[in-house]
Structures are given as structure tokens and as C-alpha cells.
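**Q** Encoded as C-alpha cells, here's the structure I'll be asking about.
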Amino acid sequence: MTRTFSLLALALCATPALAGTTFEQVKIDAGKALFEAECRRCHATDSKDPSYGPPLENVVGRAAGSYVDYDYSIALSASGIVWTPAALRAWMEDNDGFMPGTKMRHVGIDDRTVQDFILAYLQSITTQDNSAISK
Ligand code: HEC
């Protein structure tokens with residue numbers, strides 16, 4: 001947690017000229033730094049880049065296990081859930097408790113503010129309306 005907070009402080013201090021920057025943009029930038037620290041080693045944000053886990057571009061509103069080129073666990077592909085902000089929070093907090101059998105290693109991000117920042121970033125890399133594929 002200490003590590004997370006110092007990263008957060010770093011992200012906020014490193015943001016040049018906060019004046020004129022919207023609060024939302026500050027959240028996105030902090031979320032990007034947190035994502036780089038906690039998620040990026042396994043997840044690309046552009047589906048053209050290689051990654052160990054499924055790429056997370058356009059993840060908000062996406063049906064779980066729906067990225068066609070990725071070999072998901074049975075637990076994830078059969079879950080039938082949609083990655084709503086609430087589901088993403090539960091996942092960040094305790095992914096293997098939320099979905100027993102997933103092959104994603106446990107992450108335990110239970111701080112709501114940290115979740116908010118990562119969510120703001122995931123939202124910023126979601127540029128398509130996923131409602132059609134998430135029925
Ligand atoms: C050690 C590697 C690793 C780390 C770190 C990691 N993930 Fe994952 N993630 C995976 C793997 C592997 C899967 C596929 C799980 C499965 O098929 O059960 C996955 C799946 C996911 C999915 C489901 C995507 C889909 O297409 O259904 C989401 C959302 C996700 N991760 C978010 C995150 C976030 C947010 C973080 C950082 C807080 C993170 N992950 C950190 C390896 C990782």
C-alpha cells in the first residue's frame with residue numbers, strides 16, 4: 001500500500017502544470033502510473049502489442065473472456081459476466097476470490113481511490129461502445 005501511495009504522489013507531482021488540467025485528466029494520469037506498476041507486465045493496452053494476459057483496450061463494458069485471440073481459463077470464459085466498473089472493482093480487490101479458477105495471479109487492490117484511478121484509466125482506453133458485444 002505504501003508503494004502504491006508513493007507512486008500516486010509521484011504521478012501527481014510529475015504532472016506538469018496542474019493548472020488547466022481537469023480533475024478527470026489527473027485521475028487518468030495517476031491511473032496510468034498505477035496500471036504501469038500493477039498490471040502492465042501482463043496486460044497490453046493495445047491489442048496489437050503482445051501480452052501474457054488478454055489486452056485491456058476497450059475492456060469497460062466488454063463481455064468477460066471475449067477477446068478472440070486469447071486462451072482464457074474455463075472459469076473466465078464461462079463466467080457470463082460483463083466488465084462493468086463494479087465487476088472491475090471486485091476483480092482488482094480479490095480476483096481469485098471473485099472468480100475461483102481464474103489463471104490471473106491474485107491482486108489485492110482494496111483501496112477505493114486506487115481503484116477509481118485505475119478505472120478512470122481503463123475508461124480512457126475504452127473508445128468503443130461495447131454494449132453490442134456484451135449482451
Ligand atoms: C501476473 C500477471 C497479471 C497481472 C499482474 C494482472 N493480470 Fe489481469 N489477467 C492475467 C491473466 C493471465 C488473465 C486471464 C485470466 C483467465 O483466463 O482466467 C487476466 C485477465 C484479466 C481481465 C479479464 C479480461 C477479459 O478479457 O475478460 C481483466 C479485466 C484484468 N485481468 C485486469 C487486470 C488489472 C486491472 C490488473 C492490475 C490491477 C491486472 N489484471 C493484473 C494476468 C495478470
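**Q** Among the chymotrypsin sites (Phe, Trp or Tyr not before Pro) within segment 17-80, which fall in a DSSP loop and have no more than 10 other Cβ atoms within 10 Å of their own Cβ?
**A** For chymotrypsin sites (Phe, Trp or Tyr not before Pro) across segment 17-80 that sit outside H, G, I, E and B with at most 10 neighbouring Cβ atoms in 10 Å, the list reads Tyr52.
**Q** Which trypsin sites (Lys or Arg not before Pro) in segment 81-133 pass both tests, a DSSP loop state and at most 16 other beta-carbon atoms within 10 Å?
**A** Lys103, Arg105
**Q** Hey, rough spin-label estimate for Ala87 and Asp69, points 7 angstrom out along Cα→Cβ, what's it come to in nanometres?
**A** Placing both labels 7 Å along Cα→Cβ, they lie 2.3 nm apart.
**Q** Next question, about the same structure. For segment 22-108, what class follows from the C-alpha gyration tensor (a ≥ b ≥ c being the square roots of its eigenvalues): rounded when a/c is under 1.5, otherwise prolate if a/b is larger than b/c, else oblate?
**A** Verdict is prolate for segment 22-108.
Values in this text are rule-based calculations from the coordinates and carry no lab data. Note that the structure is predicted; figures quoted are calculated from it, not measured. Neighbour counts run over all protein chains shown; Cβ positions are idealised from the backbone, glycine included.
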